[in-house]
1. Can you pull out every residue in region 152-170 that is surrounded by fewer than 24 Cβ atoms within 10 Å (Cβ to Cβ) and either more than 10 Å from the chain's Cα centre (by Cα) or in a loop (DSSP other than H, G, I, E, B) (or both)?
2. Out of everything in region 229-248 that is assigned to a helix (DSSP H, G or I) and touching a strand residue (DSSP E or B) at 6+ places or on another chain (Cβ under 8 Å), what residue ends up being surrounded by the most Cβ atoms within 10 Å (Cβ to Cβ)?
3. Examine region 114-132 for a residue that is crowded, with 18+ Cβ neighbours inside 10 Å, in contact with a helix residue (DSSP H, G or I) (Cβ under 8 Å, 6 or more places away or on another chain), assigned to a loop (DSSP other than H, G, I, E, B) and at pLDDT 95 or above, and state whether such a residue exists.
4. Restricted to region 216-228, and to residues that are under 17 Å from residue 76 (Cβ atoms) and in contact with a helix residue (DSSP H, G or I) (Cβ under 7 Å, 6 or more places away or on another chain), which residue is surrounded by the most Cβ atoms within 10 Å (Cβ to Cβ)?
5. Could you tell me how many of the residues in region 54-68 are at pLDDT 95 or above and either touching a helix residue (DSSP H, G or I) at 6+ places or on another chain (Cβ under 6 Å) or within 19 Å of residue 116 (Cβ to Cβ) (or both)?
6. Which condition number does residue 38 fail, the rest of (1) over 16 Å from the mean Cα position of the chain (by Cα); (2) surrounded by fewer than 18 Cβ atoms within 10 Å (Cβ to Cβ) being met?
7. Anything in region 199-228 that is assigned to a strand (DSSP E or B), modelled with pLDDT of 95 or more and closer than 13 Å to residue 187 by Cα? List them, or say none.
8. Taking the criterion of being within 17 Å of residue 237 (Cα to Cα), at pLDDT below 95 and in a loop (DSSP other than H, G, I, E, B), would at least one residue in region 31-48 satisfy it?
C-alpha cells in the first residue's frame, strides 16, 4: 500500500566534466536486452554491472545502486521494466559486493565514502555511450545506495533526477543533508515505509533541505530499501513513472 505524506508532500501522479574511464565490456548476454559490462573507477577498482538496453536509442538512462551486503540483482525487475519503457538501466555491484572486486585489504571499519567513486564511474560509463542521452541521466539508490546516489548527484550536475529509497541523514558516516541542499532544485523522489522510523524521519528532514521538487512517498508496512519491492508491488512502476516524468 502507498500513501502520500503530509500536505505539499504527497506523491503526484505522473504526467506523462567528462573524465576518462576505462571500459572493459563483457558481452555475456543475460536476456534479450541486457549485457554484463564492467568499468574502472578513478582509484582502479573494477566494477561489474548489467546494462539493460532501452527500447529506442539514444535514450535517458538510470544508474541503480544496491544496499549494503546485497548486489545489483535486487534491481533486476525494475531495470528490465525501465528498459522496456524506453529508459536504459545500469545496475552496478559496488566494490566488494557481487561480482565487483575488493579494493585494498579487508577492514573492520570499511571506508564507505570510497563507494561514491563506483557511482561516479558508472555515470562516466553512461556518458560515453552513443545510445544514452548524456543530459538525461538519473540515479536510484536504496539504503546505503540512496546515500551514495545523493552524494554523487550533489557534485555532478549531469545527474538530472534521483530516487532515494530509505535514505538516512547519516549512514555509517555518509552524511547527506548538505549534499541534498547542494543538489538544489533538480527533482528528487524520497520513498520510505511507515515502519522504518529512522529513514522516515530522515526523509522528512531531507524534503525540507534544498528546494525544487522534493516528493515524498510513504509506503505502509513495506520495510527497508529494495526489500520494499516485496511488499509494495506498485513501487517499481512508481519509479518508472518518476523517471519517465523527470528524464524524458
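1. Our first condition is that a residue be surrounded by fewer than 24 Cβ atoms within 10 Å (Cβ to Cβ); within region 152-170, this holds for 154-161, 168-170.
154, 155, 156, 157, 158, 159, 160, 168, 169, 170 - these are the residues of region 152-170 that are surrounded by fewer than 24 Cβ atoms within 10 Å (Cβ to Cβ) and either more than 10 Å from the chain's Cα centre (by Cα) or in a loop (DSSP other than H, G, I, E, B) (or both).
2. Quick first cut of region 229-248, residues assigned to a helix (DSSP H, G or I) only: 229-230, 235-247.
Still in the running and touching a strand residue (DSSP E or B) at 6+ places or on another chain (Cβ under 8 Å): 235, 238-239, 242-243, 246-247.
On the way: 235: 20, 238: 18, 239: 24, 242: 25, 243: 29, 246: 21, 247: 21.
The qualifying residue surrounded by the most Cβ atoms within 10 Å (Cβ to Cβ) is 243.
3. no
4. Here is the first cut: in region 216-228, the residues under 17 Å from residue 76 (Cβ atoms) are 225-228.
Adding the requirement that they be in contact with a helix residue (DSSP H, G or I) (Cβ under 7 Å, 6 or more places away or on another chain) leaves 226, 228.
On the way: 226: 24, 228: 22.
This residue is 226.
5. 9
6. (2)
7. In the first step, residues of region 199-228 are kept if they are assigned to a strand (DSSP E or B); the result is 214-219.
Among the residues that remain, those that are also modelled with pLDDT of 95 or more are: 215-219.
Listed by number, the residues that qualify are 215, 216.
8. Going residue by residue through region 31-48, those that are within 17 Å of residue 237 (Cα to Cα) are none.
Checked against the condition, which is being within 17 Å of residue 237 (Cα to Cα), at pLDDT below 95 and in a loop (DSSP other than H, G, I, E, B), region 31-48 yields no hits at all.
The values are calculated or read from the model by the stated rules, or taken from the named source; none is laboratory data. Just so we're clear, the structure is a prediction, and the values are computed from it rather than from any experiment. Note that we place each Cβ from the backbone using ideal geometry, even for glycine, and neighbour counts take in every protein chain shown.
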